Amino acid sequence: MEKLLFVTGNQNKVKEIKAILGDTIQLIGLEEVGWTNEIPETTGTIQGNSLQKANTVFEKLGINCFAEDTGLEVDILNGEPGVDSAIYAGEHKNASDNMALLLKKMDGEMKRSAQFRTVITLILNGEQQFFEGICRGHIAEKKSGEGGFGYDPIFIPENYSLSFGQLSPRVKNQISHRGKAVAQLIQYLKNML
Ligand code: ITT
């Protein structure tokens with residue numbers, strides 16, 4: 001089984017991606033390679049930050065790795081919170097604060113369409129590849145469900161009436177932005193490894 005370093009500080013992402021990958025690839029985390037430095041996310045775009053995260057670690061360690069960046073893009077807010085999804089309500093705020101701010105901005109708004117977008121950057125033998133996954137849906141009027149993480153309790157994917165916070169992890173992974181991007185990553189790796 002091949003080993004691949006997943007450059008992330010977010011354990012929710014690790015859990016989801018491990019469930020999707022099954023035993024095709026063995027993920028190793030930053031702690032296993034002794035990485036403790038901050039990784040900058042300063043490019044201003046989802047793809048740019050995804051590349052920046054993977055590159056930062058590859059340049060230092062020179063090992064095969066991938067990173068991902070995800071944003072929630074609300075159509076009527078011109079793509080907000082987008083690349084700032086993690087810090088929408090401020091650097092030291094949490095998912096609850098981020099959701100509260102977004103629900104406030106959407107108060108009374110009829111056009112609630114939105115999407116999650118994930119861009120994975122793989123650096124394999126020094127070569128970069130990008131994989132994008134999009135999940136369309138809309139922003140709920142209020143939070144529901146305890147599952148998932150981040151904005152999941154207020155995002156209702158297309159063709160469903162329940163939020164990602166209410167849907168099972170299995171269903172979320174089948175239809176989600178991250179699930180779609182990881183499926184492409186797996187396909188690519190199967191052809192390469
Ligand atoms: P990294 O270390 O991988 O950068 P992060 O948590 O900082 O982890 P991002 O920069 O990609 O991740 O920020 C995206 C934010 O969007 C994240 O903090 C969550 O709040 C939210 N998010 C990402 N994926 C999500 C998902 O599948 N469902 C709900 N919210 C999600």
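The values are calculated or read from the model by the stated rules, or taken from the named source; none is laboratory data. Source: prediction; values computed, not measured. Positions of Cβ are generated from backbone atoms using ideal geometry, with glycine treated the same way; all protein chains shown enter the neighbour counts. Only protein heavy atoms, including side chains, enter the accessible area calculation; ligands, DNA and RNA are left aside. Shrake-Rupley method; radii C 1.70, N 1.55, O 1.52, S 1.80 Å.
Observations on the model:
- Counting DSSP beta bridges with both ends in the chain, the antiparallel % (nearest 5): 80
- Amide H contacts of ASN64: ASN125, each under 5 Å away and 5 or more positions distant or on a separate chain (H built 1.01 Å from N in the peptide plane; Pro and chain starts excluded).
- Evaluating 6.51 cos²θ - 1.76 cosθ + 1.60 at θ = phi - 60° for every residue in region 174-181, the Karplus couplings come out as 5, 10, 7, 2, 5, x, 5, 5 Hz, glycine and proline recorded as x.
- For region 80-193, the square roots of the Cα gyration tensor eigenvalues, ordered a ≥ b ≥ c, give a/c of at least 1.5 with a/b greater than b/c, which places it in the prolate category.
- To put it simply, the accessible area of the chain at a 1.4 Å probe is 48 percent carbon and sulfur.
- Student exercise, region 141-193 dipole from Lys, Arg, Asp, Glu Cβ charges, in Debye to nearest 20: 200
- For region 20-31, putting each phi into the Karplus relation 6.51 cos²θ - 1.76 cosθ + 1.60 with θ = phi - 60° gives couplings of 6, 6, x, 9, 5, 9, 8, 7, 10, x, 4, 5 Hz, in residue order, rounded to whole numbers and with x for Gly and Pro.
- Karplus-based coupling profile of region 163-170, in residue order and whole Hz: 7, 4, x, 9, 6, 5, x, 4, with θ = phi - 60° in 6.51 cos²θ - 1.76 cosθ + 1.60 and x standing for Gly or Pro.
- Residue-normalised accessible area of region 50-193, given per residue in Å² at a 1.4 Å probe: 49
- Dividing the convex hull volume of the alpha-carbon atoms in region 81-130 by its residue count gives 92 Å³ per residue.
- Its residue count N fixes a reference of 2.2 N^0.38 Å for the chain, and the Cα radius of gyration divided by that reference is 1.02.
- Take each peptide in 55-62, 20-27, 181-188, count the other Cβ atoms within 10 Å of every residue, and average; sorted highest first, the result is 181-188, 55-62, 20-27.
- For the chain, the longest principal axis of the Cα atoms and the long axis of helix 95-105 meet at an angle of about 40 degrees.
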